[in-house]
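Read through the structure below, which is laid out as structure tokens, and then see the notes.
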């Protein structure tokens with residue numbers, strides 16, 4: 001199987017925007033289609049609570065004619081047009097789809113952060129992990145989220161193997177970002193968030209990128225848009241992951257980033273696994 005995961009930073013902007021960045025994003029979507037993945041997970045869709053508009057649906061049909069899709073958007077009392085996730089999957093796959101709530105602090109469970117696809121032999125699940133925010137104002141709630149999410153993945157893993165992807169908003173080790181020394185109090189690299197991610201892996205999961213690529217340095221999945229030189233200087237963070245249950249980690253064949261040229265923010269990540 002070939003699977004792709006991407007925090008797209010607004011599917012709405014990608015599909016209907018007129019900016020140069022929107023045009024680049026659409027070209028990347030075409031590139032993803034041409035890689036012929038079975039499944040594409042998308043985070044930070046920023047769609048309204050009612051989901052894709054008719055225009056969005058039309059464009060998705062044009063871009064991905066072989067795929068069905070499911071979505072989950074932010075709902076009240078959460079902010080409108082915030083977060084959100086989507087799956088595109090080949091029509092012949094026909095998974096059972098669930099939209100779990102994990103008992104996270106309010107209103108995180110209403111922010112459209114998790115979708116799970118169930119297949120006969122395994123689960124595929126995606127997450128858009130809450131950011132701890134400016135001044136780490138959401139760090140305490142984020143720690144609870146991490147505990148609840150780990151428990152949820154363990155629940156799935158007890159039933160059948162799991163492939164989990166998404167924007168985890170955590171650079172796990174110092175080699176997962178360009179400037180670790182100056183970021184110990186930054187959202188995404190606090191001791192608390194890193195410990196939470198360690199506990200997730202210790203619960204029975206493998207970071208597929210490190211499994212395949214070892215301790216390679218300088219490979220990232222996110223570069224700040226607000227810092228104009230970040231992408232050019234490869235001053236990035238690796239905060240997007242494909243995780244697998246430990247018992248199928250030996251089946252991982254590829255785990256890598258998909259190049260997006262000069263476009264900053266997140267890049268898509270690819271997993272190939274022999275299931």
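The values are calculated or read from the model by the stated rules, or taken from the named source; none is laboratory data. Just so it is clear, the structure is predicted and the values come from calculations on it, not from any experiment. Don't worry about glycine lacking a Cβ; one is built from the backbone with ideal geometry, like all the others, and counts go over all protein chains shown.
Is it true that residue 88 is under 16 Å from the mean Cα position of the chain (by Cα), assigned to a strand (DSSP E or B), surrounded by 14 or more Cβ atoms within 10 Å (Cβ to Cβ) and without any contact (Cβ under 8 Å) to a residue 60 or more places away in the chain?
Details: under 16 Å from the mean Cα position of the chain (by Cα): yes; assigned to a strand (DSSP E or B): yes; surrounded by 14 or more Cβ atoms within 10 Å (Cβ to Cβ): yes; without any contact (Cβ under 8 Å) to a residue 60 or more places away in the chain: yes.
Here the answer is yes, as residue 88 does meet what is asked.
Residues that are in a helix (DSSP H, G or I) and either under 19 Å from the mean Cα position of the chain (by Cα) or at pLDDT 95 or above (or both) do not occur anywhere in the range 35-53. Residue count for the range 261-275 satisfying the condition of being farther than 30 Å from residue 246 by Cα and surrounded by 17 or more Cβ atoms within 10 Å (Cβ to Cβ): 2. Checking 65, 107 one by one, the residue that is farther than 27 Å from residue 189 by Cα and over 16 Å from the mean Cα position of the chain (by Cα) is 65 and no other.
Do we have residue 32 as surrounded by 18 or more Cβ atoms within 10 Å (Cβ to Cβ), in a helix (DSSP H, G or I) and at negative phi here?
On the way: surrounded by 18 or more Cβ atoms within 10 Å (Cβ to Cβ): yes; in a helix (DSSP H, G or I): yes; at negative phi: yes.
Yes; evaluated as a whole, the condition is true for this residue.
For residue 217, the stated conditions hold: it is more than 30 Å from residue 89 (Cα to Cα) and surrounded by fewer than 15 Cβ atoms within 10 Å (Cβ to Cβ). Within the range 99-120, the set of residues being closer than 10 Å to residue 72 by Cα and either in a loop (DSSP other than H, G, I, E, B) or in contact with a strand residue (DSSP E or B) (Cβ under 9 Å, 6 or more places away or on another chain) (or both) comprises 99, 111, 112, 113, 114, 115. The residue that is nearest to the chain's Cα centre (by Cα), among those in the range 125-171 that are assigned to a loop (DSSP other than H, G, I, E, B) and surrounded by fewer than 16 Cβ atoms within 10 Å (Cβ to Cβ), is 133.
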